[in-house]
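Asker: Structure in structure tokens, see below.
Every number in this text was worked out from the coordinates using simple rules, so none of it is lab data. In this text the structure is predicted, and so the values were computed from the model without any measurement. A quick note on method: Cβ atoms are made from the backbone with ideal geometry, for glycine too, and the neighbour counts reach across all protein chains shown.
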Amino acid sequence: MKNPKKKSTSRKKNAPAPAAALATGDSNRLEFHRNAVGLLPTATDRTPGQAILVSDEHGEEASRYCSCKVARRRTCAHLLELAGMARQFAAKNTGKNNGTALDAAFRGSVWFQLAKLLADDCDDTPDAVRCELRKNEGDTAPVLGIMSSNGKELLVYASQGADQQRLLERCGQVPEPAGGCSRASLLRQLGLLTLTESERQLLERGFRSYGLAFQ
């Protein structure tokens, strides 16, 4: 007979486990743009999909989407994992459970200031720039050079870590993985989902606002 005073510690079969500490490998699969955040699948995922959460103007979740087959029938593991990551980042940055925490942190960083400097001199989209690895005299390892569409050098990226590969993926400079779940395609999708109505109208006329040109 069960002890009536003892509380059960088991979870419902389909309930998601509590979010664990966010590992570096997991955060490397995360991308964000404005009020939307997306997650790439792992390399070993048998049903890969790109999960996306979009927040409204108040910072509350407005919509969710995943391109995997499972998401057509029910909430998939990709969306559950992404929701857990978004909660952790939001708690660290704003104390709120929303998809805008990453963008808020980025806009207050030195990386945002660097992006503004680059955007003032070049309005190319990420897939329009040219990237090349080269080893100059005196370099101990190859560095990544990024040029504009007209051949002007924008920056030299010297890091040899996983962040270099991530930058190449963001610029669409790596082969498309099986299933089409690439970092570049995820960023394009996030960009489309966060367009304002005026920005959509400008794009339909073949123009881009300053905000779009910068981003």
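Asker: Using +1 at the Cβ of each Lys and Arg and -1 at the Cβ of each Asp and Glu in the stretch 24-214, identify which of A162, Q50, F89 lies farthest towards the dipole's positive end.
Answerer: Positive-most Cα among the choices belongs to Q50.
Asker: Just in the stretch 109-196: which GluC sites (Glu not before Pro) are loop by DSSP and have at most 10 other Cβ atoms within 10 Å?
Answerer: When the GluC sites (Glu not before Pro) of the stretch 109-196 are filtered for loop state and at most 10 Cβ neighbours within 10 Å, E137 remain.
Asker: Can I ask one more? What residues have an amide H closer than 5 Å to that of Y157, excluding those fewer than 5 places away on the same chain, when H is modeled at 1.01 Å from N in the peptide plane?
Answerer: Under 5 Å from the amide H of Y157: L144, G145, I146.
Asker: If one computes P(r) from the Cα atoms of the stretch 118-189, what percent of pairs lie at distances over 15 Å?
Answerer: The calculated P(r) of the stretch 118-189 puts 57 percent of pairs beyond 15 Å.
Asker: A further question on this structure: Give a residue-ordered list of calculated ³J(HN,Hα) values for the stretch 71-76 (Karplus: 6.51 cos²θ - 1.76 cosθ + 1.60, θ = phi - 60°; whole Hz; x for Gly, Pro).
Answerer: Residue by residue, the stretch 71-76 yields 5, 5, 9, 7, 5, 8 Hz.
Asker: Can you compute the label reach from N136? Point 7 Å from Cα along the Cβ direction, backbone N cut-off under 12 Å, restricted to the stretch 154-198.
Answerer: Counting backbone N atoms under 12 Å from the label point, the list is 154-158.
Asker: When the dipole is taken about the Cα centre of the stretch 117-215, and only Lys, Arg (+1) and Asp, Glu (-1) are charged at their Cβ, what size is it in debye, to the nearest 20?
Answerer: Its charge dipole is roughly 200 debye.
Asker: For the stretch 24-214, what is the charge dipole size about the Cα centre, in debye to the nearest 20, if Lys and Arg each add +1 at the Cβ and Asp and Glu each add -1 at the Cβ?
Answerer: 640 debye
Asker: Given labels modelled 7 Å from the Cα in the Cβ direction, how far is it in nm from R200 to V110?
Answerer: Roughly 4.0 nm, to one decimal.
Asker: Given R₀ = 22 Å, what would the calculated FRET efficiency be for L80 paired with E176, taking r from the Cβ atoms and rounding to 0.05?
Answerer: Efficiency computed from Cβ-Cβ geometry: 0.25.
Asker: For the stretch 24-214, report the % of Cα-Cα distances exceeding 30 Å.
Answerer: The answer is 24 percent, as a whole percent.
Asker: For the pair S27/A162, report the inter-label distance in nm, with labels modelled 7 Å from Cα in the Cβ direction.
Answerer: A separation of 1.0 nm, rounded to one decimal place.
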